[in-house]
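Worksheet: one structure, shown below.
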10 protein chains.
Amino acid sequence: MLFHVRMDVNIPYDLPPAEATEILAREKAYSQELQRSGKWRHIWRIAGEYANYSVFDVKDNAELHEILSGLPLFKFMHIEVSPLLRHPSSIRDDDT
Amino acid sequence: MLFHVRMDVNIPYDLPPAEATEILAREKAYSQELQRSGKWRHIWRIAGEYANYSVFDVKDNAELHEILSGLPLFKFMHIEVSPLLRHPSSIRDDDT
Amino acid sequence: MLFHVRMDVNIPYDLPPAEATEILAREKAYSQELQRSGKWRHIWRIAGEYANYSVFDVKDNAELHEILSGLPLFKFMHIEVSPLLRHPSSIRDDDT
Amino acid sequence: MLFHVRMDVNIPYDLPPAEATEILAREKAYSQELQRSGKWRHIWRIAGEYANYSVFDVKDNAELHEILSGLPLFKFMHIEVSPLLRHPSSIRDDDT
Amino acid sequence: MLFHVRMDVNIPYDLPPAEATEILAREKAYSQELQRSGKWRHIWRIAGEYANYSVFDVKDNAELHEILSGLPLFKFMHIEVSPLLRHPSSIRDDDT
Amino acid sequence: MLFHVRMDVNIPYDLPPAEATEILAREKAYSQELQRSGKWRHIWRIAGEYANYSVFDVKDNAELHEILSGLPLFKFMHIEVSPLLRHPSSIRDDDT
Amino acid sequence: MLFHVRMDVNIPYDLPPAEATEILAREKAYSQELQRSGKWRHIWRIAGEYANYSVFDVKDNAELHEILSGLPLFKFMHIEVSPLLRHPSSIRDDDT
Amino acid sequence: MLFHVRMDVNIPYDLPPAEATEILAREKAYSQELQRSGKWRHIWRIAGEYANYSVFDVKDNAELHEILSGLPLFKFMHIEVSPLLRHPSSIRDDDT
Amino acid sequence: MLFHVRMDVNIPYDLPPAEATEILAREKAYSQELQRSGKWRHIWRIAGEYANYSVFDVKDNAELHEILSGLPLFKFMHIEVSPLLRHPSSIRDDDT
Amino acid sequence: MLFHVRMDVNIPYDLPPAEATEILAREKAYSQELQRSGKWRHIWRIAGEYANYSVFDVKDNAELHEILSGLPLFKFMHIEVSPLLRHPSSIRDDDT
């Protein structure tokens, strides 16, 4: 089941650099593991912004929340979720 | 080059049904032809709304505008465009 | 799987009364059938507004959209959807 | 009498962890006691957000405010309240 | 129990004048009857706007909605409701 | 002359408690003195919010500003003012 | 007593031209009479918009509302009112 | 050439009082010198807010920006600028 | 003197096509004449929207308003104006 | 390919002055180098605001993001990007 997610990141400017670096490294590893598992299907950077549009493929709302609330940057993010489905004009039979 | 597009459709309730039907048929054909060409890479319905999130792969801004302004429903749509690029945490080498 | 839905109804003031009456009767029957099936778990009127807060229990996003886009009043509604899940502080084991 | 409440939590990132832990434990106990009493009828997590939708069943506005302003997290919350009532299309005789 | 209500009136400019006059006369009579009963405790015009701030004293949310949805101008109004209670700094023992 | 005022209070969470207590005590005394004088005609708590709706009866805009800017909590408040007048549908001859 | 007023005009595009011309002529005469009386102290056009910023000098809120609601274009306007007073940094003793 | 300016002041509550006092004294002197020169034609306090509406008479956009960015409180202000001109209904020949 | 202008066009869908065609032809001629004169220095289409960003070079606010309010599409436009000036980091001595 | 960019700068008031000075010097050098290369085609100050409107000419979205995210002030900026193209009413054959 697909969800469209926009994440805006806002790291406090006075966060100690070492702490920021450590969080960002964990964030990247966490994201890539979920991408490899197929649950984080797409992630795109939005030009000019510290933000991304992502598409998740999860089994239900609970799994989506578990993933998002587990993001190392979660406390510094503003997140908006929209449930998606196959569009009736899509040329494909599945939801890709 | 990728663009994220949100389209909200608002057809006037008093548009003659025959006219609406005809526009919607043209819209679907137009969309599917662009999907087949690879320029309209993704289209998803947003649950509960007469709206979609789409991803376009075009050669430049002008081609994007030509496609969007040519939508049969263009005059009944509110459209928001965001330029995208590969995210640095993506596990893929290209922008998919 | 639960979804929180807010529906705001805005019927054009010049819609012929007979047409409005007919749509509203169909809307009520449609809603009650879904309530009896358990898919439309709650519906509450918001005091002072032509609007409701509802909770749906469906198997996925596609079923939610099928239900909402099938509302006889759909074209006169503004709808906002939020995916829900069991709250960690809930005293119940399920999502009620 | 029912009220729909949305609570958004925003804990300052530099709050000492021990203080945060203590507040969250009190919040959970406070919420569960009110749930057991029947006054906090529903609480659902909103997927992807540090927020919840709740339904309260209280005897009047004053009791609602006493409950909400007594939340251990109250000073870190943004709260929106909407008075609810039985919907005329509900299949139930009461306001559940 | 008190509720603060803001009502913004927006009568379509092409409503036949006779119809508008008739609705406004019914609106005034309806409002004055509720004022005399004590349920519509205050009504003030907001300077420069076709709008009012009102305070209602009703027994519950259902009665408030019955009153507001029964306004002859209801279909031409945008209404916002806020539940009120006695302020802890008030010098009076009741909610006046 | 009447003014409708909404005050939202936002005290910084790290304000020393003794300082907060002292300001709140002065705020209450200040408010009650103005209520007794008749200039602060009504004050109601808004359920679930650290906010109030008030009605002031002052001789002019300058007096209103002198009162509001003199609030001990003024620097922690967001304030919105609307000038009021007797509503033409009021059953009373004055502006109460 | 001074009030700052912003007026945005939005005349329906299908209003018969003769009717529009007649209303605009009355609007101009009405405005100029109030300017000559000193009650409409300033009126400025906002560049690029069908809108104006004005300053009124009236004896109270009721007079302000009587003037604004009497504008021939009132039903086609969106109006925002802010009560003004002499600024403490003004070099003048009065409110000009 | 006239410009309408709204300035909202938001001084951090933990700015050292001596620093705040010093800035405010410079702000007042700066404003009064510009008022005397005729460039800051009007300044009015907005009742209930730490804000003002002002009208500037400058030779061009560059001079306006030089004045506004030179305000001692500039870094604590939110400023909105609207270019003004003589209104066609004005009874005066100039832009006063 | 430069002004940044955003124009959003919204032509009523039921405007007779001949009338729309005629207005659009006049709009184009009007715009091109001003471009040739140097007063309308830049005009760019915003991808996906019936809107443009433009830069005008005029002698004062009055001339800007005369140009904008004379646009054949003016009554179908929403316009936002921002006064511009040379940026201190510009590598050019003028405002280009 | 052109992009319209609005940048709003918000430097924390308690950033050490030496640090601010150093960042601003780097920002200016960075901007001027990009202007000389032709990629940062225009930059204009918005009167009364710590903000600019800019036009970039880059080969794709990725290059735009590389430039913007490399701004020394990036972490203190709010940025909005709009893809541009030649307007059909332009008198020029290219996108200038």
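What's the number of the only condition in (1) modelled with pLDDT of 95 or more; (2) of a type in the set (D, E, K, R); (3) surrounded by fewer than 19 Cβ atoms within 10 Å (Cβ to Cβ) that residue J:94 fails to meet?
(1)
Is at least one residue of segment E:22-31 under 13 Å from the mean Cα position of the chain (by Cα) and farther than 28 Å from residue G:66 by Cα?
Step one: list which residues in segment E:22-31 are under 13 Å from the mean Cα position of the chain (by Cα), which gives E:27-31.
Those left that are additionally farther than 28 Å from residue G:66 by Cα: none.
Within segment E:22-31, none of the residues are under 13 Å from the mean Cα position of the chain (by Cα) and farther than 28 Å from residue G:66 by Cα.
Please find, within segment I:40-57, the residue that is nearest to the other protein chains (Cβ to nearest Cβ) out of those that are of a type in the set (Phe, Trp, Tyr) and open to solvent by 20 Å² or more (accessible area, probe 1.4 Å).
Taking segment I:40-57 as the starting set, the residues that turn out to be of a type in the set (Phe, Trp, Tyr) are I:40, I:44, I:50, I:53, I:56.
Right, trim to open to solvent by 20 Å² or more (accessible area, probe 1.4 Å) and you get I:50, I:53.
Values: I:50: 8, I:53: 5 Å.
For segment I:40-57, the residue satisfying everything is I:53.
In this structure, does residue D:65 turn out to be at pLDDT 95 or above, within 14 Å of the chain's Cα centre (by Cα) and crowded, with 16+ Cβ neighbours inside 10 Å? Before you say what the answer is, go through the steps one by one.
Details: at pLDDT 95 or above: yes; within 14 Å of the chain's Cα centre (by Cα): yes; crowded, with 16+ Cβ neighbours inside 10 Å: yes.
Taking the combined requirement at face value, the residue satisfies it.
Kindly indicate whether any position in segment F:56-77 is closer than 19 Å to residue G:64 by Cα and of a type in the set (Val, Ile, Thr). Talk me through it step by step, then tell me what you get.
So the first thing to find is which residues in segment F:56-77 are closer than 19 Å to residue G:64 by Cα, and the list is F:56-65.
After this cut, where a residue has to be of a type in the set (Val, Ile, Thr) as well, the list is F:58.
Among the residues of segment F:56-77, at least one is closer than 19 Å to residue G:64 by Cα and of a type in the set (Val, Ile, Thr), which makes the answer yes.
Residue F:84 is checked against (1) over 13 Å from the mean Cα position of the chain (by Cα); (2) open to solvent by 10 Å² or more (accessible area, probe 1.4 Å) and fails just one. What number does that condition carry?
(2)
Which of the residues that make up segment G:58-75 are more than 7 Å from every other protein chain (Cβ to nearest Cβ) and touching a helix residue (DSSP H, G or I) at 6+ places or on another chain (Cβ under 8 Å)?
Residues of segment G:58-75 that are more than 7 Å from every other protein chain (Cβ to nearest Cβ), as a first pass: G:58-59, G:63, G:66-67, G:69-74.
Of everything in segment G:58-75, those that are more than 7 Å from every other protein chain (Cβ to nearest Cβ) and touching a helix residue (DSSP H, G or I) at 6+ places or on another chain (Cβ under 8 Å) turn out to be G:58, G:67, G:70, G:71, G:72, G:73, G:74.
For segment C:15-50, give me each residue that is in contact with a strand residue (DSSP E or B) (Cβ under 8 Å, 6 or more places away or on another chain) and among the basic types (Lys, Arg).
At the first step, the residues of segment C:15-50 found to be in contact with a strand residue (DSSP E or B) (Cβ under 8 Å, 6 or more places away or on another chain) are C:31, C:34-35, C:38-50.
Within segment C:15-50, C:39, C:41, C:45 qualify.
Restricting to segment B:34-51, give me the number of residues that are without any contact (Cβ under 8 Å) to a residue 24 or more places away in the chain and under 12 Å from the mean Cα position of the chain (by Cα).
Going through segment B:34-51 one residue at a time, the tally reaches 5.
Do any residues in segment A:8-27 that are within 14 Å of chain J (Cβ to nearest Cβ) have Cβ atoms under 9 Å from those of residues that are among the hydroxyl-bearing types (Ser, Thr, Tyr) and in a loop (DSSP other than H, G, I, E, B), where the two are at least six apart or on different chains, and which pairs are they?
If the second residue must be among the hydroxyl-bearing types (Ser, Thr, Tyr) and in a loop (DSSP other than H, G, I, E, B), the pairs left are A:8/A:50; A:9/A:50; A:10/A:50; A:11/A:50; A:12/D:13; A:15/D:13.
Is one or more of the residues making up segment D:24-39 open to solvent by 10 Å² or more (accessible area, probe 1.4 Å), at negative phi and not in a helix (DSSP H, G or I)?
yes
Can you name the number of the only condition in (1) modelled with pLDDT of 95 or more; (2) surrounded by fewer than 20 Cβ atoms within 10 Å (Cβ to Cβ); (3) among the charged types (D, E, K, R); (4) not in a helix (DSSP H, G or I) that residue I:14 fails?
(1)
Is it true that some residue in segment H:9-19 is under 30 Å from residue F:6 (Cβ atoms) and small (Gly, Ala, Ser)?
First pass over segment H:9-19, keeping only residues under 30 Å from residue F:6 (Cβ atoms): H:9-15, H:17.
Remaining after also requiring small (Gly, Ala, Ser): none.
No, segment H:9-19 contains no residue that is under 30 Å from residue F:6 (Cβ atoms) and small (Gly, Ala, Ser).
The values are calculated or read from the model by the stated rules, or taken from the named source; none is laboratory data. For clarity, every value in this text was computed on a predicted model and none was experimentally measured. So basically every Cβ, Gly included, is an ideal-geometry build from the backbone, and we count neighbours across all protein chains shown. Ligands, DNA and RNA are excluded from the accessible area calculation, which covers all protein heavy atoms including side chains. Shrake-Rupley method; radii C 1.70, N 1.55, O 1.52, S 1.80 Å.
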